[in-house]
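The values are calculated or read from the model by the stated rules, or taken from the named source; none is laboratory data. Source: prediction; values computed, not measured. Note that we place each Cβ from the backbone using ideal geometry, even for glycine, and neighbour counts take in every protein chain shown.
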Amino acid sequence: MSIPTEPIGSLPRPRTLLNALTDHAAGRLNDAELTKLQEQAVADTLARLGQLGSPVLVDGDQAKPSTITYPLTGLMTAAPDGATIPFADGHTRQLPCLTAGPFRYQVRADTYLKQARKYTDRPIKQAVVAPSALSLLYPSEPIAGYSRQAFLDDVVAGSEAEIRGCLDAGAHRVQLDFTEGRLALKLDPSGSLLDELVAINNRVLDRFTEDERARLGVHTDPGADQDSTHSLDTDYAELLPKLFQLKVGNFYLQLASEFDPEPVLKIVTNQLRPGIRVFVGVTDPIDTTVETVEEVRDRVLLAAQHIPVDQLGTCDDAGFSPWADDTSTSRELAFAKIEARVQGTALASQALGL
């Protein structure tokens, strides 16, 4: 047995695809030509991850507009002036805002998974937006004829269908991206907003069997965009007890960028329950320095002092380009960090006699 290791999801796109996206937006490239280049980027991503020895692959979100907004692609009833997410360096990201109902997924993540399946028979993990993130699309003023409750019912149904589509397509794991969890505590220190978001996610997760939930996971981080975060200054101690209420078999926790990871690990120890696995972040996607394999090994060994090795895994702290920011972190830097994670985890497994 060795300690499992998995990527989170997004990877910077190659320059050829970035140029193609510019040309497509300007009308110089048609849909079919863009799709072909996206497929080539997916194939290259899968191949390179395989060459690095990654036991689980991802398509790198090469065709997603962002990890949050892809279900809205082409949706005509959305305005650009939704909730604003402030980052520590001063830049912001803004979510769309729903203007009319009913809400329906325009694109589901299983379509990306089926495309990736054409290029490999290796295990593939599929990241999906958490229904809690989509719940933020409903405006503060009610939509005439379409209540927030009706909207949430539609989000839950759409999320269940997406996850089932991924499981049916053979996903090794389906990972809910829950970056808004820690942000919720920053926006509402009382915890009420976080409680609401956890409850929305569990409405979906309750629809799956225990065996199915063993293939489901949730990822949390303090944001990773343009080399900045949105909620790193919010204490994990307030998030983790509620995060572990989510009914999944796998938890992916940002940890490498924590100033002091040991208190976080002690909290995790208190939240462990049988049958779950905790993947700890051992590489920091927004740090321009590539971790050494020895640094990764030592981070894994520290985690193993608090988490039983049969419940331990490793991951990157976050995706490398969740908002389709393909330049702050280069594609080559991302692959170098992934290689360090894979090799450092293997070193830790050896040191533990696994």
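Structural remarks
- Comparison of T45, T35, T67 shows that the only residue that is of a type in the set (S, T, N, Q) and either out of contact with any Asp or Glu (no Cβ under 8 Å at 6 or more places or on another chain) or more than 29 Å from P123 (Cα to Cα) (or both) is T35.
- Residues in the stretch 315-354 that are assigned to a helix (DSSP H, G or I) and among the acidic types (D, E) were compared, and the one that is surrounded by the most Cβ atoms within 10 Å (Cβ to Cβ) is E339.
- Members of the stretch 80-134 that are in contact (Cβ under 8 Å) with a residue 40 or more places away in the chain and acidic (D, E): D89, D110
- Test: residue in the stretch 274-295 that is modelled with pLDDT under 95 and more than 21 Å from I338 (Cα to Cα): yes
- Residue selected from the stretch 175-215 under the condition at pLDDT below 95 and part of a loop (DSSP other than H, G, I, E, B), by the criterion surrounded by the fewest Cβ atoms within 10 Å (Cβ to Cβ): S190
- Filtered residue count, the stretch 156-174, keeping only those that are buried (at least 17 other Cβ atoms within 10 Å of the Cβ), over 24 Å from Q254 (Cα atoms) and of a type in the set (D, E, K, R): 2
- Residues located in the stretch 299-314, provided they are more than 12 Å from E262 (Cβ to Cβ), touching a strand residue (DSSP E or B) at 6+ places or on another chain (Cβ under 9 Å) and in a helix (DSSP H, G or I): V300, A304, D310, Q311
- Just one of the listed residues (T229, T209) is out of contact with any Leu (no Cβ under 6 Å at 6 or more places or on another chain) and closer than 24 Å to F87 by Cα, and it is T229.
Here is a yes/no grid of residues against (1) part of a strand (DSSP E or B); (2) farther than 16 Å from S66 by Cα; (3) touching a helix residue (DSSP H, G or I) at 6+ places or on another chain (Cβ under 6 Å):
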{"residue": "Q126", "(1), (2), (3)": "yes, no, yes"}
{"residue": "L136", "(1), (2), (3)": "no, no, no"}
{"residue": "E141", "(1), (2), (3)": "no, yes, no"}
{"residue": "V156", "(1), (2), (3)": "no, yes, yes"}
